[in-house]
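Contents: one structure, followed by commentary.
Any read-out appearing in this document is the output of simple, stated calculations on the displayed coordinates, not a laboratory observation. Since we're looking at a predicted model, the values are computed, not measured. Glycine gets a Cβ as well: all are built from the backbone with ideal geometry, and neighbour counts include every protein chain shown.
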Amino acid sequence: MTWRDAITLARRSVGRRGGRAVLTVLAVALGSALLSSLLIASGAAKQRVLDQVTAGGPLSGIKVDAAAPTPVALDTDNPRPGPPRRIDDAALQKISQLRDVTSVLPIIATPMVVVPPPVLPAAAHSSHQDNGPIFDSAIGVDLSRVNQLPIAIVAGRLPDPGSQTEIAVTVDFLQRIGVTNTNAKAIVGTQVTMGAPRLFNSGIGRRSRVRWTHAQIVGVVSQDAGDGLYVVSLELARAARAWSTAGAPIDALGPSPSQYSTLFVVAHGLNNVTGVRAEINTVGYSTSAPESLITQVQRYVHVVELVLAGIGLIGLAIAALGISNAMLAAIRERRREIGVLKAVGAADRDVRRIFLVEAGTLGFAGGTIGAATGLLVARSLAAVVNGYLASQDLQTVHLGVPIALLAAVVVGATVLALAAGTLPAIRAARMPARQAIGDE
């Protein structure tokens, strides 16, 4: 018996038992869909994290301090910086031209006084409310590229790029005014009075003056871009710093202030973070980067990927049991057919081949349908997730079409179906012709 004959007999057998074949294919399809959708989703999630870690994002960022490096700067995530050193546009340009640097974002930290609203919304009210002026720092960043910075939105949104009248406050600011994180949304949209302080000499000694303005809190954030309670546009921070330093006593300023407080450098690839830090140190600046944290993140992401893959494999294994059961039932129903085939000269391997072809066909069909279904399910989930990420001003997830993964699911379902059908096929092949015809 040739392979062509075996395929023809298997196809006819599947056609005669269409209901059972459809149920078997659906079982394999469901298992394959579960496996493929989980793998696609976990792969996209992993890639999203790795993109942040290895190809341009907050986790792969390197902070450049306005200070000289120390000899042990590369031996720790947060080294103790050396003597102060200015960071200006020339330094920014030089660092941006270093090998394996994806982008460089300037950050300006400047003193800021904020007077909270005298009456907070009822939902945000707390017995520990303090409406007095709060002296701290405002962190000015390029809000058009904020997705590359370690800033996460808790409620509301970020200020518009270049805005002079919008600020975002941190969760630490909420604690200072007695508002819990769960009530963060209640403070969004409230008006505050803020200003940049300036020291000056008067006839009775040194005094301070604040240039006040009104601003709106548009969002609450959690940030690690710098030490400060407020996040504002780079333009607002630059103007505030210019006011604070203009005309102030020279002895009050200390060393000449740096043009930028910090640079946030994104390295292209996790493996390049240490190398980029070394190059920046060679330029003459102290650096810090959460390399040990990144390694831990990668490990946990891999664990999640293994768990999701295991769940999908369990579903596919259940489908394989369904195939095995269907094949055993087919053997009981086709005893006469098996006996006739052996009576006319079919060898054991020929009978075994027929059943394996049938099992493989069911597995291939179920795997193909399941892989396509899994891709559609993953895309539907991605649309929901991307809607949330877009609302948080975060980069969205791009699934693409993972051809290799889908092909692997189809091949895996086929191989698993063949494995599930092997024992029934062997049992059918060993059945004596006389017993098969007689039992029928």
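Using the basic label-point model (7 angstrom from Cα toward the beta carbon), what is the TYR300 to ARG430 distance in nanometres?
Each label point lies 7 Å from its Cα, and together they span 5.2 nm.
Between ILE7 and LYS94, with labels modelled 7 Å along Cα→Cβ, what's the label distance in nm to one decimal, could you check?
Rounded to a tenth, the inter-label distance reads 7.0 nm.
Given a Förster distance of 22 Å, report the FRET efficiency between ILE311 and SER380 from their Cβ-Cβ distance, rounded to the nearest 0.05.
The computed FRET efficiency comes out at 0.75.
Test of understanding: ordering VAL276, VAL231, VAL415 by Cβ neighbours within 10 Å, fewest first, what list do you get?
Result, fewest neighbours first: VAL415, VAL276, VAL231.
Starting with the fewest neighbours, write out PHE173, PHE355 ranked by other beta-carbon atoms found within 10 Å of each beta-carbon.
So the ranking, lowest neighbour count to highest, is PHE173, PHE355.
With r as the distance between the Cβ atoms of ALA407 and VAL22 and R0 = 25 Å, compute the FRET efficiency 1/(1 + (r/R0)^6) and round to 0.05.
That gives a FRET efficiency of 0.55.
What are the residues whose amide H is under 5 Å from the amide H of ARG157, where those residues sit 5 or more places off or on another chain and H is modelled from the backbone?
HN-HN under 5 Å from ARG157: GLY219, VAL220.
Determine, for LEU38, LEU306, the number of other Cβ atoms within 10 Å of each Cβ, and report the residues in order from fewest to most.
Taking fewest neighbouring Cβ atoms as first place, the list is LEU306, LEU38.
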